[in-house]
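The values are calculated or read from the model by the stated rules, or taken from the named source; none is laboratory data. In this text the structure is predicted, and so the values were computed from the model without any measurement. Using ideal geometry, Cβ is built from the backbone for each residue, glycine included, and neighbour counts are taken over all protein chains shown.
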Amino acid sequence: MPTGTSTEEKIVTGSAESLDSPWRVVLWNDPINLISYVIWVLETLFGYSTSKATALTMEVHNNGRAIVSHGPREKAEMDASRLHEKGLWATLERESD
């Protein structure tokens, strides 16, 4: 007769595939920051050329949002955090398949 008991607990937090799935960093329009400042931030943080940073900034200005970065969740979170540190409003969204 067995004298001990065995319990097993399995915690599922998500598959490795879902952790590696691509994420997007969305930069949102705001009424506070100047266009020139947003261009400078995108050039400085992401190394974008002036023309790319300007195009993204104008997309934010005209459409209310633009995707400014993408990659694994950890990178996207870091990019969004860096934008927050510069006073810009950014969120994450999962890329669609």
- Query: Looking only at segment 11-58, which residues are at pLDDT 95 or above and closer than 18 Å to residue 92 by Cβ?
  - Reply: 23, 24, 25, 26, 27, 28, 29, 41, 42, 45, 46, 56
- Item | So residue 92, is it assigned to a strand (DSSP E or B), surrounded by 14 or more Cβ atoms within 10 Å (Cβ to Cβ) and not basic (Lys, Arg) | yes
- Within the set of pairs 6+ apart or on separate chains, which have a first residue in segment 75-97 that is at negative phi, a second that is basic (Lys, Arg) and crowded, with 17+ Cβ neighbours inside 10 Å, and C-beta atoms under 6 Å apart? 93/24; 95/24
